[in-house]
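Reading through the structure tokens given below for one structure.
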Ligand code: C2E
Ligand code: MG
Ligand code: MG
């Protein structure tokens, strides 16, 4: 999963969790507000119901008082004049009536008698001297109306009271008004009821202006206030609402805040003198269960929400951490911390998608294995880290590098100017070379580099393959060098691709043809044998030479199959000659290392010669000296077992590599083929060193009873020279180029002897 994909996934998860959180939040909000609403509705219903009940109680009490007053009226004989009234009987009436604290009778002439609960009787009281609220209801009663006064301060009683007044008739004639005072405490009993609103509230009685008529003891606001509008408990807005409602004699819900707690209130008109019941709900303030429940619900939802957020943040961080680690494993080289090839390729593709022109380079260190062995792994690792640092410092923004396996580093550089790029790459390599592996050694670190400039729309993979190809070419040069992938390399690469993808089919289709090149007996001048050389004849008529595909086949293992195929071709041809009565000649076949050490190699060869009924001595197996490196004994064993079966063994290309007399002396071969470099060097060299060596080699082989073949005889002079050394056979263009088996047969076997 790329970083972008992960980020996308993380974003999706985050969105889901945020969504869940929002749902939780909304759900929590909805549930708690629904609960709150239910609670408020219940509370409002309860407040209205209770206010109604208290109102009824208040009115009922007033009704009862009124009734008492009416009953009293019927007991007395009232008259137009006060003098006619029996004072004692009047006072007696007051004592019998329980609640009133003062009673009075006022004739419609304005005279009055007043008696108080403590038996104080005033006879000549004038209506105009009465307190205004009392006078008003007396006058109402004279008008025939029973009424209740507002609460007022009575100057004679010296306390806050209210009064009732009823008209008194003598026959059908209205003679005066009977009044009675009652203390407001009479209502207090009702309003101080502790069970108001199930104990979660209390009720005041207020007058039309909001002034407290009776203030319940159970109040939450402690301050001494005269009116509900005093202080800042009610907001201006609420005050305004309440005033409007009171003016219209309507009930109203409102709220006030005291010490940070909000209280719901309800105002219900009593229906008398503009009085109101002022109900306060204290449920919220005293942590009623429902509020507790709402609170707990809220806390749970907020808790779950916080948990979600915590899990989200925690999970997110864990995932990022894990991802970073995975990314490090997946995209970074653990030793140097540089990108690995996977990441490099990804980034390179992104870069190539843009308008910038790029060139890719691949670098390798000469003999890195050797550095590892001599200086130790630790030093070699340091060198690799040094390379990483140099690259990191040398690249410009938008350029990339990575470490492939081992000592292979890739760079992606901007630009396509070969001169500039070569300069930059050489500079990088020179900086790397300055690394000191060891203070005492002055080991020169050398690098080589292949580079591929992006052509047309070549892909990242193609560019990297091309750079690798160029790297192969750069290898083996003795100084830090850069090789650019060009048309020549392109041809080689195309050919290699063709070879690798077509080899099996070609073998099946018989595209590998056997060519033969004669070996001439230098003493007789006659044909002494031939060497089978493979040619790939493509269907389109083109021919591919062994040098172009044998190295590749050797590395991919196909060579063993091809060699066996060639041996079979040789056998078939010899069989043909025998069958046609042609004297067969011995034929040499080149054998690769892989095949030579195959376990059933000898058996396979034997099976072939048996199949074609060929004497083994007609087959010479050409091997390379390299086979002997490190295991001369094993090679000799294999040679012996082949010789036992009758095969002859020839060592090919002697002198072309690191040939040694020592190895030569130890190997039990039948024939030695001197590489054509001997002849080339002898011809070029002014001194005679090479000639002496060749003489010595031939001399040695003679003594070891090994016959000699000289390759690359191109001129009569070459022939004379090798004859003078006493070599046995010559092979080369002087006699003939390798030709098809049919041509060879025609030319050399049917037509006869010396014809070159
Ligand atoms: P080689 O076995 O040393 O074969 C001799 C090569 O030298 C042949 O090249 C031949 O054409 C070339 N040659 C012969 N006379 C002259 C001359 O006078 N002047 C010059 N300049 N060259 C001469 P060829 O056929 O291209 O083969 C190259 C190499 O490929 C062979 O070298 C051999 O190592 C390998 N090879 C060829 N056929 C086979 C095969 O069937 N199996 C294996 N394993 N290797 C093969
Ligand atoms: Mg050969
Ligand atoms: Mg050779």
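Derivation of every value follows stated rules applied to the coordinates shown; laboratory data play no part. For clarity, every value in this text was computed on a predicted model and none was experimentally measured. Backbone-built Cβ (ideal geometry, glycine too); neighbour counts: all protein chains shown.
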Label-to-label distance, nm, for residues given as residue 705 and residue 634 (7 Å Cα→Cβ offset): 2.8
Cubic angstrom per residue, convex hull over Cα atoms of the stretch 87-164: 92
Among 211-218, 408-415, the order from most to least packed when residues are scored by Cβ within 10 Å on average: 408-415, 211-218
Mean Cβ count within 10 Å, highest first, over the residues of peptides 224-232, 702-710: 702-710, 224-232
Extension gain (nm, one decimal) between residue 374 and residue 357, 0.36 nm per residue minus Cα-Cα: 2.0 nm
Acute angle (nearest 10 degrees) that the helix 487-508 long axis makes with the longest principal axis of the chain, alpha-carbon atoms: 80
Over the stretch 140-226: Kirkwood hydrodynamic radius from C-alpha pairwise inverse distances, Å: 15.2
Where labels lie 7 Å past Cα in the beta-carbon direction, separation of residue 120 and residue 396 in nm: 11.5
Protection-proxy order for peptides 718-731, 542-555, 107-120, each taking the mean of Cβ atoms within 10 Å per residue, highest first: 718-731, 107-120, 542-555
Tilt relative to the chain, helix 132-142 - C-alpha long axis, 0 to 90 degrees, to 10: 60
Calculated FRET value between residue 606 and residue 419, using beta carbons and R₀ = 56 Å, to 0.05: 0.35
Cβ-derived FRET efficiency at R0 56 Å, residue 321 paired with residue 272, nearest 0.05: 0.15
Degrees between helix 558-580 axis and first principal axis of the chain (Cα, 0 to 90, nearest 10): 30
Cα shape, the chain, gyration tensor, a/c 1.5 rule: prolate
Cα centroid separation, the stretch 652-691 to the stretch 705-754 (Å): 18
Average Cα contact separation per residue, the stretch 551-639, under 8 Å, 6 or more apart, as relative contact order %: 32
Volume in Å³ per residue [convex hull over Cα atoms, computed for the stretch 340-400]: 91
Segment residue 237-residue 41, extension gain: residue separation times 0.36 nm, minus the distance between their alpha carbons: 68.4 nm
Percent of C-alpha pairs per 5 Å bin, the stretch 168-319, short to long: 2, 8, 13, 16, 13, 10, 7, 7, 6, 5, 4, 3, 2, 1, 1, 0, 0, 0, 0, 0, 0
C-alpha center-to-center spacing [the stretch 291-320, the stretch 538-571] in angstrom: 74
Distance in nm between pseudo-label sites at residue 367 and residue 683 (7 Å out along the Cβ direction from Cα): 3.4
